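Here's the structure we're looking at; comments come further down.
No value in this document is a laboratory result; all are computed from the given coordinates. Just so you know, these numbers come straight off a predicted model, no measurement behind them. Because the Cβ atoms are built from the backbone with ideal geometry, glycine has one as well, and the counts that use them run over all protein chains shown.
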Amino acid sequence: MCFFDYCFENKNMLSSNCMKMNSNIITLLLILISFLGGFYYHDNFSRENSLNESIDYSYLEKVLKHIKTNFVNQDNIDIQKMTEGAISGMVNSLDDPYTEYFDLEGTKDLQESISGTFEGIGLQLGFKNERITAISPIKGTPAERSGIKPKDVILFVDGKETSNLSLNEVVNMIRGEKGTKVTLTVAREGLSTTKDFEIIRDIINVPALEWETIETSSGKIAHLIIYQFSDTVYQDFKEAANEILKSNIKGIVLD
């Protein structure tokens with residue numbers, strides 16, 4: 001029950017008491033909010049200060065000064081490139097294949113992927129057992145037509161080994177202008193030797209999701225596949241959900 005309604009409904013209760021009660025409640029809420037805010041600020045501020053105190057920036061300054069003073073080709077010194085290299089090194093030191101630093105070019109490629117249209121072969125990649133692996137070729141794309149299968153391990157791209165490369169680096173190597181060729185060397189379970197796939201790049205239109213109906217002994221099941229979290233995935237998901245709800249569906253498998 002709302003405290004304000006309770007005060008007005010009980011006429012025997014003095015209005016001053018009602019105001020006092022509501023004032024106490026508001027005060028209590030403000031104190032609680034202040035306490036939680038202070039706790040949050042203290043926790044994050046302490047962690048930030050702790051992190052700053054643990055970094056000795058003098059080493060970076062010494063290295064930079066040494067390069068500026070002793071590097072032979074002074075004209076080749078690019079401070080912006082060195083800064084991005086330092087940032088990339090910090091991120092890579094986390095040893096997490098899904099945490100990457102994107103420079104301007106990488107950010108542009110990421111934005112193209114999110115938009116749902118880019119030039120490449122249409123192959124979704126990921127990490128499995130610390131190796132870059134095909135997750136799934138997108139339907140109707142050069143990757144699917146070439147015969148690339150899920151779980152294929154991408155060993156080489158145009159002869160360059162991928163074992164020491166990031167996921168983003170391999171993606172950028174595979175992408176390219178429509179009509180150009182890229183060769184993937186893969187290891188496939190069940191094959192004793194590697195296999196090469198020569199694939200002609202094309203314009204790839206990536207659907208955010210798609211769904212199909214599967215007949216089972218218990219009834220119809222909707223299989224809904226989300227390919228990527230693009231700009232349109234929210235609206236596409238709503239539309240697909242409405243279609244599924246209108247159908248005689250017993251269950252949904254979200255992939």
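Worth a mention:
- Counting charges near residue 248 (Lys, Arg +1; Asp, Glu -1) among other residues having Cβ under 13 Å from its Cβ returns a value of +1.
- Residue order, fewest to most beta carbons within 10 Å, for 162, 193, 133: 193, 133, 162
- Here is the list for the range 154-255: trypsin sites (Lys or Arg not before Pro) lying in DSSP coil, each with at most 13 other C-beta atoms within 10 angstrom of its C-beta, are 178, 250.
- In the range 119-205, the convex hull through the Cα atoms has an average projected area of 5.1 nm², a quarter of its surface area.
- Taking a Cβ cut-off of under 9 Å around residue 221, the surrounding Lys, Arg, Asp and Glu residues balance to a net charge of +1, with basic ones at +1 and acidic ones at -1.
- Cross-link pairs 81/108; 128/195; 81/128; 108/139; 108/238; 128/149 - those with Cα-Cα distance over 21 Å: 81/128; 108/139; 108/238
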